[in-house]
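I have placed the structure first, in the form of C-alpha cells, so that the comments after it can refer back to it.
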Amino acid sequence: MSLYRYLRYSQEYIPNSSFPERKTSHNECVVNNTAADSDLQDEVQRDATNLNMQLTLVTSIPAIFTNLCLGAYLDYFGRRFLFITILVGRMTRDLTTVSTVVWTLDLRYFFIGYGADGLCGSSFTFYLAGYAFTADITPPAKVRTVALAVVDAAKGIAEVSLHIATGYLIQMYGYLFPSMEMAALTMLDLVVVVDCCQRRSKEIGPVSLPLRQ
C-alpha cells in the first residue's frame with residue numbers, strides 16, 4: 001500500500017509522467033528532464049511519506065491502549081475473542097483498501113480502515129492471542145519454549161513470503177488483485193475462528209457462570 005499511495009500521488013502531481021507502466025510498482029528511479037519535474041517528485045515522495053507516517057500512528061497509538069486492556073484481561077475475555085476482534089479490525093482495513101483501489105477513492109479513506117484496525121489491537125493482539133493459545137495447549141518447560149519459537153519462526157517466514165509474493169503480484173496484476181487476495185485470506189481466517197468457536201461450544205455445552213460480587 002505504500003507503493004500504491006506513492007503511485008496515486010504521482011498521478012495527482014505528475015499526470016503526464018512517463019512511468020514505465022501504471023500498474024507496476026514505481027519506486028524505481030525516473031530520469032527528470034526539468035527542475036520542475038524534480039520538485040514535483042520530491043513533493044510526491046514527501047506527501048506519500050507523511051501519509052504513511054500518519055496511518056502508522058493512527059494504527060499504533062490506539063493499538064497500544066487496546067493491547068494494554070486486552071492483555072490485562074486476557075484470561076477473562078478468552079483467546080478466541082481476541083482472534084475475532086483483530087480479524088474484524090483487519091477485515092475492515094482490507095475492505096477499505098479494496099474499495100479505495102477499485103473506485104480510486106480519496107486516500108484519506110485509508111484512515112477508516114487503519115483506525116479500525118488500531119482500535120481492535122492490530123497485529124499485536126493477534127500475536128498476543130497466538131502466544132497465549134500456544135502456551136495453553138503445550139506443557140511447560142522445554143516443549144512450550146520450542147513451540148513458541150516455532151510460532152515465532154512461522155510468523156517471520158510468512159511475513160517474508162507474503163512480501164515477496166505481493167511484489168510479484170503487483171508487477172503482474174497491479175494493486176487490486178493482491179488487496180482482494182488479502183481480504184479473502186482475512187475472511188477465511190475469520191470463518192475458521194468462528195467455526196472453531198461454535199464447535200467448541202457444542203462440545204462443552206451450556207456453562208452456568210457464578211455471579212460476580
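Among the residues of the range 103-134, those that are at pLDDT below 95, under 16 Å from Thr59 (Cβ atoms) and among the hydroxyl-bearing types (Ser, Thr, Tyr) comprise Ser122, Ser123, Thr125, Tyr127. Looking at Ile164, is it over 28 Å from Gln54 (Cβ atoms) and exposed (fewer than 12 other Cβ atoms within 10 Å of the Cβ)? Against the criterion (over 28 Å from Gln54 (Cβ atoms) and exposed (fewer than 12 other Cβ atoms within 10 Å of the Cβ)), Ile164 does not qualify. Here the condition is being under 14 Å from the mean Cα position of the chain (by Cα) and either within 21 Å of Asp189 (Cβ to Cβ) or at pLDDT 95 or above (or both); of Thr96, Thr100, it holds for Thr96 alone. Residue pairs whose Cβ atoms lie under 9 Å apart, sitting 6 or more positions apart in sequence or on different chains, and linking a residue in the range 104-130 that is free of Cβ contacts under 8 Å to residues at least 12 places away in the same chain and of a type outside the set (Asp, Glu) to a partner that is buried (at least 22 other Cβ atoms within 10 Å of the Cβ) and part of a helix (DSSP H, G or I), are Leu105/Thr96. Might you check whether a residue that is loosely packed, with under 14 Cβ neighbours inside 10 Å, modelled with pLDDT of 70 or more and in a helix (DSSP H, G or I) occurs anywhere in the range 28-39? Checking the range 28-39: at least one residue is loosely packed, with under 14 Cβ neighbours inside 10 Å, modelled with pLDDT of 70 or more and in a helix (DSSP H, G or I).
Only residues that are surrounded by fewer than 18 Cβ atoms within 10 Å (Cβ to Cβ), without any contact (Cβ under 8 Å) to a residue 24 or more places away in the chain and either among the acidic types (Asp, Glu) or part of a helix (DSSP H, G or I) (or both) were counted across the range 66-103, and they come to 9.
The values are calculated or read from the model by the stated rules, or taken from the named source; none is laboratory data. As the structure is a prediction and not an experimental result, all values here were calculated from the model. Cβ coordinates were reconstructed from backbone atoms using ideal geometry, including for glycine residues, and neighbour counts include every protein chain displayed.
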